[in-house]
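Peer 1: Just dropping this structure here.
Here, each number is a calculation from the coordinates, and none is a lab measurement. Nothing here was measured: the structure is a model prediction, and the numbers come from that model. Cβ placement follows ideal geometry from the backbone for every residue including glycine, while neighbour counts extend to all protein chains displayed.
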Amino acid sequence: MFARQSLVVFALSSLAAVAAQAEVVEVTWDVTALTRSVGSTVGGVYTEQADAGFQPQTFTYTLSFDLNGGVISPAAPFTVTDPGAPYQSGMSASGNFNLLTNSATPYTDGLLAMAPDRQSALFDVGFAGYMLNVPDSATTNSPQPVSQSANFMTFTLWSLSSGTTTYSRGIGFQTMGNPVSAQELQAWTPAEYMAYLQAHTGEVLKGAFSESYDYNSQSIFVIGAPLPSVNQHDNITIAGDAVIRSVTVVPEPATYALMGLGLSLMAWVRRRQTV
């Protein structure tokens, strides 16, 4: 009897141990594409205008990332020169995680087909991550809310003889966290990042989705090239809202193996008890 109970305990503890080691997180979104803007160069001037005939469309978008394979950067000072930035200086902390898979959208194939002469990509990256910012004027006596942003991005850049082509697809949204002092800002642990995403499940994230194609006849990404020119610049951007439908941990193959082992052991114990 003791041996049978020990086997049951072993099976259940094995399941719990592997579940705690699961690393892959899958996020499913309901995306509504609302606008399509088209940019082009006419008479040497680049202009953008909305596509009045674009029909909004809702679709499901799924991605997964390695929760435990991330790089967590502790809080560090930053300074920016962009006058439009919310903070000119402050403290920043971040986390970046490897994007493992992400699904295409109804627009992906059409946008990629527009890229001329695609060769080996100069950059081809995908990442999930977050950024926390608080101004350095935030003190213990006068704390300020933390700017919290989450981003999931696929970005590809091809270098062409005539310029560069870029394709990007992603979801990003920003919220404000509890006020803290600059000295108290801490990076999230992977578990805290997961909890942050789960806390926004079901919330409509306005303007969070974007997918675009961009061709520039000259670009700062081309080594030795001058600043971007308006000789030719074409761009299509599709944007809209997103809702997180679910944030789940996906069991790894080893998890399924131990689950099978646990179930087999419990079935064996039950058969022994009926003999």
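Peer 1: Packing-wise, with mean Cβ within 10 Å as the measure, how do 43-50, 25-32 rank, highest first? Write down the numbers at each step before the final one.
Peer 2: Values: 43-50: 10.2, 25-32: 19.0.
With the highest mean Cβ count within 10 Å placed first, the list reads 25-32, 43-50.
Peer 1: Under the Karplus relation 6.51 cos²θ - 1.76 cosθ + 1.60, θ = phi - 60°, what is the ordered set of whole-Hz ³J(HN,Hα) values for segment 100-105, x standing for Gly and Pro?
Peer 2: 8, 9, 7, 7, 6, 10
Peer 1: Between Leu112 and Ser40, what is 0.36 nm times their sequence separation minus the Cα-Cα distance? Round to one decimal in nm.
Peer 2: Working: separation 72, 0.36 × 72 = 25.92 nm, distance 1.71 nm.
This chain segment gains 24.2 nm when fully extended.
Peer 1: Add +1 for every Lys or Arg and -1 for every Asp or Glu among the other residues with Cβ under 15 Å from the Cβ of Val146, and state the total.
Peer 2: Details: positive: none; negative: Asp136, Glu184, Glu192.
The answer is -3.
Peer 1: Still on this structure, please answer the following. Across segment 71-80, in residue order, what do the Karplus-derived ³J(HN,Hα) couplings come to in whole Hz, using 6.51 cos²θ - 1.76 cosθ + 1.60 with θ = phi - 60° and x for Gly and Pro?
Peer 2: 10, 9, 9, x, 4, 8, x, 9, 9, 10
Peer 1: Explain nothing, just the number: relative contact order of segment 24-250, from Cα pairs under 8 Å at least 6 residues apart, as a whole percent.
Peer 2: On the way: 574 pairs, mean separation 58.4, N = 227.
Here the relative contact order equals 26 percent.
Peer 1: Once Rh is set to the Kirkwood radius over Cα pairs, what Stokes-Einstein translational diffusion coefficient, in µm²/s, holds for segment 90-212 at a temperature of 20 °C and a viscosity of 1.002 mPa s?
Peer 2: Working: Rh = 16.7 Å.
The estimated diffusion coefficient comes to 129 µm²/s.
Peer 1: Show me 79-88, 33-42 ranked by packing, highest mean number of other Cβ atoms within 10 Å first.
Peer 2: The most tightly packed comes first, giving 33-42, 79-88.
Peer 1: From zero outward in steps of 5 Å, how is the percent of C-alpha pairs of segment 24-250 spread across the bins?
Peer 2: Here the calculated profile for segment 24-250 is 1, 6, 12, 15, 15, 16, 15, 11, 6, 2, 0, 0.
Peer 1: Spelling out what I want: for every residue of segment 87-95, take phi, set θ = phi - 60°, compute 6.51 cos²θ - 1.76 cosθ + 1.60 (Karplus), and round to whole Hz; glycine and proline get x.
Peer 2: Result, ordered by residue: 10, 7, 7, x, 10, 9, 9, 8, x Hz.
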